[in-house]
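Encoded as structure tokens, the structure appears first; notes follow it.
The values are calculated or read from the model by the stated rules, or taken from the named source; none is laboratory data. Just so it is clear, the model here is predicted, and its values are computed rather than measured. Using ideal geometry, Cβ is built from the backbone for each residue, glycine included, and neighbour counts are taken over all protein chains shown. To get the accessible areas, we keep the full protein, side chains included, count just its heavy atoms, and leave off ligands, DNA and RNA. Shrake-Rupley method; radii C 1.70, N 1.55, O 1.52, S 1.80 Å.
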Amino acid sequence: MSDNDQAPTDREEVLIEKLRASVGQFVSGTDLASLLGVSRAAVGKRILGLRRKGWEIEAVPNRGYRLISAGDSLAPESVTPLLNTRWMGRLYLPHEELGSTSDAAAKMAEEGAPNGTVVLAESQTGGRGRMGRAWHSPPGVNLHFSVVLRPEMDPAIAPVLSLAAAVGIANGVRGFVGHPPTVKWPNDLLYRRLKFCGLLLEMLGASRFVIVGVGVNVNMMSFPPELQGTTTSLQNERGEPVRRSAVLASVLNSLEDWFDRFYSDGPRPVLGAWLGLADWIGQRVVVSGPKGRLAGVAIGLDDAGALRLRTDDGQEHRILSGTVELR
Ligand code: BTN
């Protein structure tokens, strides 16, 4: 086999697996070379490639290579040490590729997966958004995950759960950009009015569990034509790459915090925090929903999380589902 860069992926995986299995210990260049079936010089090149991707690997003459920290990996050893949760993400199941993490999480929930189980995929072949839209899920750049929630609550306040999720994520990402995002009803997260995160809440299993599907554009820098002009990513806002494991852990920590707050204190703190992130309240918006398009002034939320809209005839509407267009 020629020793070139044409088929790096499977060799890279073997290299990563070996370094991971020996974490904290040196592995000699000779051992790695024979494991990969390449020269020692080629091992050195691959180590350099991993370092460029953010992996910290120490190299010491006569001892070999030692993994210090994984790069932009979403493996459990990169994520779990960053969690300070009691129940969120304590069962964490990352996959290379899934149809939809929400479908996989729902199946696991049916089979008894505990509250807080997180199913993640590097890429999704059938990622789903709201209103039957597809969710662009390319490998290696973003976060796509779903959480199994087993909330004990009145189903009437379930919409507030999705607002709690939006507030949790907003607080989880704020440190990576330097300021908090804004929210768009019901639960899109935006920077400069461009969407970087969407949430899909599905109440399933005769309301025994809820699947919270989350898509966060983290390092995506090239946007397909249909997303151009409406979409951004954390890297786009920050101006430099963001480590996905750190974003994921911060978001999961904050989600647990906001869900717990909702369960113990009820909707009020969630609604207050959400309104604090909605800079368009008090302005004119257009809402497209089951009843068609309604234009008016967004005046706030009611206690169940519905959007209150005052139309020009002075009537107040309670919007339970739909899409808001900001001016
Ligand atoms: C939206 O804004 O339309 C909601 C997007 C939700 C996308 C996420 S990605 C992870 C999870 N799996 C899916 O199939 N969808 C959600």
If you put +1 on each Lys and Arg Cβ and -1 on each Asp and Glu Cβ, how big is the dipole of region 284-325 around its Cα centre, in Debye rounded to 20? 100 debye
Can you give me the distance in nm between label points at Asp302 and Arg318, each placed 7 Å from the Cα along the Cα-to-Cβ direction? 0.2 nm
Go ahead and set up a Gaussian network model of the chain, Cα springs under 10 Å, then flag whichever of Glu256, Glu226, Glu240 fluctuates most. Glu226
Cα axis of helix 40-52 to longest principal axis of the chain: angle in degrees, 0 to 90, nearest 10? 20 degrees
Using packing as a proxy for protection, rank 45-51, 164-170, 249-255 so that the peptide with the highest average count of other Cβ atoms within 10 Å comes first. 164-170, 249-255, 45-51
1.4 Å probe accessible area per residue over the chain, in Å²: 47 Å²
Plugging the Kirkwood radius over Cα pairs into Stokes-Einstein for the chain, at a temperature of 10 °C and a viscosity of 1.306 mPa s, what D comes out in µm²/s? 74 µm²/s
Which length gain, in nm to one decimal place, applies between Arg310 and Arg293 when the Cα-Cα distance is subtracted from 0.36 nm times their residue separation? 4.8 nm
Could you check which residue among Pro151, Pro186, Pro61 shows the biggest mean-square fluctuation in a GNM of the chain with a 10 Å Cα cutoff? Pro61
Could you state the angle between the C-alpha long axis of helix 267-277 and the longest principal axis of the C-alpha atoms of the chain, as a value from 0 to 90 degrees rounded to the nearest 10? 70 degrees
Region 219-286 to region 303-327: how many Å between their Cα centroids? 21 Å
With +1 assigned to the C-beta of every Lys and Arg and -1 to the C-beta of every Asp and Glu, and no other charges, what is the dipole magnitude of region 8-69 about the Cα centre in debye, to the nearest 20? 200 debye
Dipole of the chain, positive direction: furthest Cα of Gly289, Leu309, Trp258, with charges on the beta-carbon: Leu309
What does the charge dipole of the chain about its Cα centre add up to, to the nearest 20 debye, if the Cβ of each Lys and Arg holds +1 and the Cβ of each Asp and Glu holds -1? 580 debye
Cα gyration tensor, region 284-325 - rounded (a/c under 1.5), prolate or oblate: oblate
Candidate aspartates and glutamates for bridging to Lys184, where Cα separation is under 19 Å - those fewer than 8 sequence places away on the same chain excluded: Glu202, Glu237, Asp279, Asp302, Asp303, Glu325
Hey, if you put +1 on the Cβ of every Lys and Arg and -1 on every Asp and Glu Cβ in region 8-69, which of Gly49, Gly24, Leu67 ends up farthest toward the positive end of that dipole? Gly49
Mind giving me the nanometre distance, one decimal, between the label points for Glu97 and Arg63, set 7 Å out from Cα along Cα→Cβ? 4.0 nm
Residues of type lysines that Lys45 reaches as a straight line, Cα spacing below 18 Å, ignoring anything fewer than 8 places off in the same chain: Lys18, Lys53
